[in-house]
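The values are calculated or read from the model by the stated rules, or taken from the named source; none is laboratory data. Keep in mind the model is a prediction, meaning the values are calculated, not measured. When we count neighbours, we look across all protein chains shown, and the Cβ atoms used for this are built from the backbone with ideal geometry, even at glycine.
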Amino acid sequence: MRKRFFRDLADVEGGEFYFKDKDILSGHELGVRNPNVTYLLIFSYKDNQFSIFNSTGTSFVGEIACEFSSTLKPIEFELNSISYFLNLFLRRKNRFKIKSDNENIKHFLSKSEAMKKLILIAKKEAFNPFIVCEIEKNKRISTKYHLEFDDWTQVIEPIIELYKELIDEFEKGYLNVSNKAYKELN
């Protein structure tokens, strides 16, 4: 079922899908084998290179990354999530915390339709992503998350949608105007 999801997504995005299902030997004498299943999808959107990597078996991790084109001017930000368990005590509406020196990116993310989808998923599931948009080393955005909840494929399309929304917004070049002017434009 998950393999089909990735194949279909590769068709929609015009990308390449790679799948690997190989057991890893973890005990020399005992012959204990652990499953190791890897899903990798690579595609491009407006000259920005996406890669989606999910691994199950010995580790349950996912990473969605996008290397921005050299012409794009992204804004740095970091988005953390408060754990599902901790939020039971804090009772916050939004489990995501945005950190950036740019107020416009915070405003954009608070209005983003893709972010709203991710917030809904986080309310229902133990989905705790860590999203970083950096420009120092590489101009890229990446989301790292664990896959230890029922339907972990449900987060992939909203994250892709979020990245595409950001790319479109970065292309406009409005994020560096004053906060008041930015809110009037949006």
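If we keep just the residues of the range 78-106 that are at pLDDT below 75 and assigned to a loop (DSSP other than H, G, I, E, B), which is farthest from GLY173 (Cα to Cα)?
Here the answer is ARG91.
What are the residues in the range 1-50 that are under 21 Å from ASP150 (Cα atoms), in contact with a Gly (Cβ under 6 Å, 6 or more places away or on another chain) and modelled with pLDDT of 75 or more, if any?
ASN36, VAL37, LEU41
Please enumerate the residues belonging to the range 51-61 that are modelled with pLDDT under 95 and either in a strand (DSSP E or B) or in contact with a strand residue (DSSP E or B) (Cβ under 8 Å, 6 or more places away or on another chain) (or both).
Of everything in the range 51-61, those that are modelled with pLDDT under 95 and either in a strand (DSSP E or B) or in contact with a strand residue (DSSP E or B) (Cβ under 8 Å, 6 or more places away or on another chain) (or both) turn out to be ASN54, SER55, THR56, GLY57, THR58, PHE60, VAL61.
Scan the range 145-156 residue by residue and report those that are in contact (Cβ under 8 Å) with a residue 40 or more places away in the chain, surrounded by 14 or more Cβ atoms within 10 Å (Cβ to Cβ) and closer than 12 Å to PHE60 by Cβ.
Listed by number, the residues that qualify are TYR145, HIS146, LEU147, TRP152.
Considering only residues of the range 120-144 that are among the charged types (D, E, K, R), more than 12 Å from the chain's Cα centre (by Cα) and at pLDDT 90 or above, which is nearest to PHE60 (Cα to Cα)?
Residues of the range 120-144 that are among the charged types (D, E, K, R), as a first pass: 123-125, 134, 136-137, 139-140, 144.
Remaining after also requiring more than 12 Å from the chain's Cα centre (by Cα): 123-125, 134, 136-137, 139.
From the residues that got through so far, the ones that are at pLDDT 90 or above too are 134, 139.
Values: GLU134: 25, LYS139: 26 Å.
Among those residues, the one meeting the criterion is GLU134.
Output the residues belonging to the range 133-152 that are of a type in the set (Asp, Glu) and under 22 Å from ILE75 (Cβ atoms).
Once the filter is applied, which keeps residues that are of a type in the set (Asp, Glu) and under 22 Å from ILE75 (Cβ atoms), the range 133-152 yields GLU134, GLU136.
How many residues does the range 150-186 contain that are closer than 21 Å to LYS139 by Cα, more than 16 Å from the chain's Cα centre (by Cα) and either among the charged types (D, E, K, R) or not in a helix (DSSP H, G or I) (or both)?
Number satisfying all stated conditions: 6.
So, LYS144, is that one of a type in the set (D, E, K, R) and closer than 20 Å to LEU41 by Cβ or not?
Spelling it out, LYS144 is indeed of a type in the set (D, E, K, R) and closer than 20 Å to LEU41 by Cβ.
Here is a list of conditions, (1) in contact with a strand residue (DSSP E or B) (Cβ under 7 Å, 6 or more places away or on another chain); (2) touching a residue at least 40 places away in the same chain (Cβ under 8 Å), and LEU118 meets all of them except one; can you say which number that is?
(1)
So, of the residues in the range 98-144 that are small (Gly, Ala, Ser) and farther than 17 Å from ASN179 by Cβ, which turns out to be surrounded by the most Cβ atoms within 10 Å (Cβ to Cβ)? Before the answer, list the steps.
As a first pass, look at the range 98-144 and keep what is small (Gly, Ala, Ser): 100, 110, 112, 114, 122, 126, 142.
With the extra rule that they be farther than 17 Å from ASN179 by Cβ, the set shrinks to 114, 122, 126, 142.
Values: ALA114: 18, ALA122: 21, ALA126: 13, SER142: 18.
Per the criteria, the residue is ALA122.
Identify, please: which residue in the range 62-77 is touching a Lys or Arg at 6+ places or on another chain (Cβ under 9 Å), part of a loop (DSSP other than H, G, I, E, B) and not basic (Lys, Arg) and is, among those, nearest to SER100 (Cα to Cα)?
PRO74
Can you name every residue in the range 109-138 that is over 25 Å from SER70 (Cβ atoms), of a type outside the set (Lys, Arg) and out of contact with any Phe, Trp or Tyr (no Cβ under 8 Å at 6 or more places or on another chain)?
Answer for the range 109-138, where residues must be over 25 Å from SER70 (Cβ atoms), of a type outside the set (Lys, Arg) and out of contact with any Phe, Trp or Tyr (no Cβ under 8 Å at 6 or more places or on another chain): SER110, GLU113, LEU120.
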